[in-house]
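The values are calculated or read from the model by the stated rules, or taken from the named source; none is laboratory data. As the structure is a prediction and not an experimental result, all values here were calculated from the model. For neighbour counting, all protein chains shown are included, and Cβ atoms are generated from backbone atoms with ideal geometry for every residue, glycine included. With ligands, DNA and RNA removed, areas are computed over all heavy atoms of the protein, side chains included. Shrake-Rupley method; radii C 1.70, N 1.55, O 1.52, S 1.80 Å.
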Amino acid sequence: MEAARESMAALLDAGLFGPAQTLGCFLVSSAGAGNDAGMSMKVESLVQHGDALYGEREFRRALNAYKQAMQYSRSIPRQATSSTRSSVSATGRSPSPNSSNLLSFNENEVKFKIALCHSALCEHREALHEMEGIPSKVRTLKMNMMLGKLYRISRNSRTAAVCYKECLRQCPYVFEAITALAEMGLSAKEFSLLFPQAPNRGGKVPGDFVDAQRWWTRYVEAQCCIASHDYKGGLDIYLELMQRFPNNVHILLEIAKVEAIIGRNDEAIMNFEKARLIDPNIMTYMDEYAILLKSKSDYVKLNKLVHDMLHIDPARPETCVALAAMWKRKDKRKALTYAEKSLRVDDRHITGYIMKGNLHLSLNRPDLAVTDFRGAQELRADLRSYQGLVCAYVALSKCKEALFTAREAMKVMHQSAKALKLVGDVHAISSSGREKTSVQDQQQIIIQQRIVLRQARKFYESAIRLEPGFLGAALALADLHVVEGRNKEAVMLLEKYLRQWADDSLHIKLAQVHASTNMLSDALSHYQSALRINPQNEAAKNGLERLEKQMKGVDPDAPEEEEENEEDDIDDRDEFI
């Protein structure tokens, strides 16, 4: 069977795992086990069969093959295999499960492959147990990388950091390790100690080494800024790196993601589109892009994006989240199934948790939304998970928990205007629906509400001072003015911002304020302006429809006839298709 074993190696090298799997069945069943040589062939055939099964994504069968190989290997005299077991440390390389370079049994390599199978099956504890059985001195770059991930999943951050640092010592360009260490709090100065020393060529440091170290250091600083929620600082460094590396898709996507987190939606959409022009098949962060398009009601672009993603890779978690964003308008329960599917594909996909939490909120299940947003926070806390948690607690009438969460966000992101606004939002909401108290005097309740509204105003104004262009805080402050009966101040504030930013949300808010004071013609003008800026804006469409009924003397809240509703549903379905 020597020719068949050589063919098995050739098939694995060529990535033809289907035929290799079939041939493996013949090799495993024919390999003799009567002597040490026959046993070694049996072990080798089992490992190769496991490699073929792993390549076919039959992880459970591959796991069984590798474990059988381990059991058979224990019956082979140690002196027959001792030389091969040390080959990893000599070469410093680790063949993947799909590699056919394993011409003789290597226990550490097989343990690594067993761990890969457990990890693919989301059996992280079993995978960690196997990896810990590999001595640290013989761990390759891939082994250290995987071990770092497993320790992080098990929330053993200190040991995970040790593994990631070892990865960077072996190769400083393992960017996933840089991101992980930054999120675990490693400083830029500590990172610099991991970068290899410059080679000395005649007492002069090569220029290319200096250049590589410079941009590597700036990239690390950007990651540290973002991990510490200094989004502006990280964004500035990324923009600087873009000048050094024009049309760098990775940096463009990082910029777009940060812009999406801090609410610069138009800039984020523009950068996502730039990235797709450079690489139309890119999938990274495309679910973030889909969510932004949904927020802008740009369903034409959203449908095109989802169609492209389904064509590129329908099994990616990003595709599932994008499908959830597309279906959210028409069928929230169907959207929820896609969000859940994204987490079955990758149970550490943060955007999947965010989408699932928001869908549970829209389905009036804030109790489940709390679990979703907590899941996102355990992986990486950002503003969106805090915002979702606050909304969920408010929906559950847990104002104390909502305020605690908002203040925690403000403490973690101390230079974030969005976090300040979040605290103001909780105060504003709690003023309109306070929890039951023992105070019976209505006048005392009114005084307490005024105090809470004053606190909300203080946080909104602080957010605007910190970030003058933050429209969200301006809109919230305008709402507060309306609640307090100061409609004139609300109009003045919104018109001041409108002179600097032609934004559809400002026009909608002005239309709502004018409509509440019966200035219907002014409200009509602003709704029309909002639709000129964004023809797909659902809030503007709905507001304009209500206003036109109001101008005709029809109650906008009166139920429509059933036939009209059915016709509208048919039109909506046609538009979606």
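For segment 327-337, indicate whether the set of residues that are of a type in the set (S, T, Y), part of a helix (DSSP H, G or I) and open to solvent by less than 50 Å² (accessible area, probe 1.4 Å) is non-empty. Quick ask: steps written out before the conclusion?
We begin by selecting, within segment 327-337, every residue of a type in the set (S, T, Y); these are 337.
From the residues that got through so far, the ones that are part of a helix (DSSP H, G or I) too are 337.
Checking which are open to solvent by less than 50 Å² (accessible area, probe 1.4 Å) leaves us with none.
No, the conditions are met nowhere in segment 327-337.
Show the residue pairs meeting these rules: Cβ distance below 8 Å; 6+ apart or different chains; first residue within segment 317-330 and free of Cβ contacts under 8 Å to residues at least 12 places away in the same chain; second residue in a helix (DSSP H, G or I) and small (G, A, S).
Within 8 Å, the pairs are W327/A335.
For segment 363-388, give me each residue that is at pLDDT below 95 and among the hydroxyl-bearing types (S, T, Y).
Listed by number, the residues that qualify are S385, Y386.
Can you pull out the residues in segment 409-421 that are open to solvent by less than 60 Å² (accessible area, probe 1.4 Å) and more than 18 Å from L480 (Cα to Cα)? Outline the logic, then answer.
First pass over segment 409-421, keeping only residues open to solvent by less than 60 Å² (accessible area, probe 1.4 Å): 409-410, 412-413, 416-421.
Residues satisfying the conditions are A409, M410, V412, M413, S416.
Out of segment 108-150, which residues are within 18 Å of S73 (Cβ to Cβ) and open to solvent by 50 Å² or more (accessible area, probe 1.4 Å)?
P135
Taking only pairs six or more apart or across chains, which ones have beta-carbon atoms under 9 Å, a first residue in segment 60-71 that is hydroxyl-bearing (S, T, Y), and a second residue that is open to solvent by 10 Å² or more (accessible area, probe 1.4 Å)?
Y66/Y54; Y66/K111
Looking at R546, R532, R499, which one is farther than 27 Å from D425 by Cα, under 39 Å from the mean Cα position of the chain (by Cα) and open to solvent by 80 Å² or more (accessible area, probe 1.4 Å)?
Values: R546 fails: farther than 27 Å from D425 by Cα; R499 fails: farther than 27 Å from D425 by Cα.
Among R546, R532, R499, only R532 is farther than 27 Å from D425 by Cα, under 39 Å from the mean Cα position of the chain (by Cα) and open to solvent by 80 Å² or more (accessible area, probe 1.4 Å).
So which residues in segment 10-50 are small (G, A, S), at pLDDT 90 or above and surrounded by fewer than 19 Cβ atoms within 10 Å (Cβ to Cβ), if there are any at all?
Residues of segment 10-50 small (G, A, S): 10, 14-15, 18, 20, 24, 29-34, 37-38, 40, 45, 50.
Then drop every residue that is not at pLDDT 90 or above, which leaves 10, 14-15, 18, 20, 24, 45, 50.
Listed by number, the residues that qualify are A10, A14, G15, G18.
Listed here are the residues, each with its yes/no results for (1) among the hydrophobic types (A, V, I, L, M, F, W, C); (2) touching a Gly at 6+ places or on another chain (Cβ under 6 Å); (3) more than 24 Å from T351 (Cβ to Cβ).
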| position | (1), (2), (3) |
| --- | --- |
| W215 | yes, no, yes |
| R218 | no, no, yes |
| A222 | yes, yes, no |
| S228 | no, no, no |
| L239 | yes, no, no |
| M242 | yes, no, no |
| N247 | no, no, yes |
| E254 | no, no, no |
| E259 | no, no, no |
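Residue-wise test of (1) under 23 Å from E538 (Cα atoms); (2) outside any helix (DSSP H, G or I); (3) in contact (Cβ under 8 Å) with a residue 60 or more places away in the chain; (4) touching a strand residue (DSSP E or B) at 6+ places or on another chain (Cβ under 9 Å).
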position	(1), (2), (3), (4)
E240	no, no, no, no
I251	no, no, no, no
E254	no, no, no, no
P280	no, yes, no, no
K294	yes, no, no, no
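Which condition number in (1) buried (at least 16 other Cβ atoms within 10 Å of the Cβ); (2) more than 20 Å from the chain's Cα centre (by Cα); (3) not in a helix (DSSP H, G or I) is the one that S397 fails?
In the conditions (1) buried (at least 16 other Cβ atoms within 10 Å of the Cβ); (2) more than 20 Å from the chain's Cα centre (by Cα); (3) not in a helix (DSSP H, G or I), S397 misses (1) alone.
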